[in-house]
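The values are calculated or read from the model by the stated rules, or taken from the named source; none is laboratory data. A quick note: this is a predicted structure, and the numbers were derived from the prediction, not measured. When we count neighbours, we look across all protein chains shown, and the Cβ atoms used for this are built from the backbone with ideal geometry, even at glycine. To get the accessible areas, we keep the full protein, side chains included, count just its heavy atoms, and leave off ligands, DNA and RNA. Shrake-Rupley method; radii C 1.70, N 1.55, O 1.52, S 1.80 Å.
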Amino acid sequence: MIDYKFDKLLHIRTGAEKKLSFPDSIQYNPYEPTPYHALEILFQHYGVSEQDQFVDYGCGKGRLNFYIHHFYHATVKGIEMDENFYQESIVNLRNYLQHTNNREDTIEFICCLAEEYIIDPHDNRFYFFNPFSVQVFQKVLNRILRSIEESNREVELILYYAHEDYIYYLEDKTIFELRQEIQLPGLYETNPYERFLIYRAGN
């Protein structure tokens, strides 16, 4: 019910399909939005500034983007490879902007492969809800690390439901360091994937 109420508040539709839609490539995982109750817990413990610029890889219909944009007024970008989900995010964007007074120039959706997204030097927060294989993750991280070298700044990765391969690669092969772990009460006790991991690099 909480998901329905938030969608209604934001004038969007971001629920998962009753039948999961599997992408053509085994490198990418099916669409599943982050539950709103998980987002509430995340942002009770994780601070957001209006100067932050979020990138959500595998944004689907844009749930995280609209949530951050509406409640925290940060700049948000959603990267989505699936044309159908991208079109749904654009419909959501139109409805969202029509019913709110929020700025149009600080929310954007881009239809492309995650590893092809060209990182803006102001992008500083990157969100991953287990969207693709560790091979794709490595390519995306290489772009992020290159961007930090070209434009030195503090960058944070937010991982939800992070696969062990992601964690191993981050901690063993990159300069990112774990800064924060946010466990979801009542869920983490029976499922250790039910947590957010915050990694930081730069500056």
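Could you work out which residue, out of PRO35, PRO121, PRO192, moves most in a Gaussian network model of the chain, that is, has the largest mean-square fluctuation with Cα springs under 10 Å? Between PRO35, PRO121, PRO192, it is PRO192 that shows the largest mean-square fluctuation. If you sort LEU93, LEU10 by accessible surface, 1.4 Å probe, largest first, the order is LEU93, LEU10.
Each residue of segment 173-182 was assigned a 3J(HN,Hα) from its phi angle through the Karplus expression (A = 6.51, B = -1.76, C = 1.60, θ = phi - 60°), giving 10, 10, 8, 5, 10, 5, 10, 7, 10, 10 Hz with x at Gly and Pro.
Could you check how much of the accessible area of segment 144-184 is carbon and sulfur, as a whole percent, using a 1.4 Å probe?
Exposed carbon and sulfur together represent 39 percent of the surface.
Of SER147, SER49, SER89, the residue with the greatest mean-square motion in the GNM of the chain, using alpha carbon springs below 10 Å, is SER49.
Sequentially through segment 148-157, phi angles give Karplus couplings (6.51, -1.76, 1.60; θ = phi - 60°) of 5, 5, 7, 9, 4, 6, 6, 10, 10, 9 Hz, Gly and Pro residues having no value and appearing as x.
Computed with every protein chain present, the accessible area of ARG143 is close to 80 Å² [probe 1.4 Å]. Between the amide H of ARG153 and those of ASN203, distances stay under 5 Å, these residues lying 5 or more places away or on another chain, with hydrogens modeled in the peptide plane. Relative to one another, the C-alpha centroids of segment 138-203 and segment 101-122 are positioned 20 Å apart.
State the dimensionless ratio Rg/Rh of the chain (Rg: radius of gyration of Cα atoms; Rh: Kirkwood radius).
Details: Rg = 16.0 Å, Rh = 17.2 Å.
Ratio value, two decimals: 0.93.
Grab the DSSP H runs of the chain that are 4 residues or longer, score each as -39,500 (n - 2.57), total them, divide by all residues and round the 222 nm result to the nearest 500 deg cm²/dmol.
-11000 deg cm²/dmol, from helical runs alone.
Between ASN84 and ILE110, the modelled labels are 2.5 nm apart [label points 7 Å from Cα along Cα→Cβ]. What segment 55-141 shows is 41 Å² of accessible area per residue, with the surface traced by a 1.4 Å probe over protein heavy atoms.
Number of Lys-Lys pairs in the chain with C-alpha atoms under 17 Å apart and a separation of 8 or more places or on different chains: 6. Near LEU157, once Lys and Arg are set to +1 and Asp and Glu to -1 for all other residues with Cβ below 12 Å from its Cβ, the sum equals -3. Accessible surface ranking for TYR168, TYR199, TYR188, 1.4 angstrom probe, highest first: TYR168, TYR188, TYR199. For segment 68-203, DSSP calls about 55 percent of its internal beta bridges antiparallel. For the residues ILE118, ILE68, ILE12, a GNM of the chain with alpha-carbon springs under 10 Å puts the largest fluctuation on ILE118.
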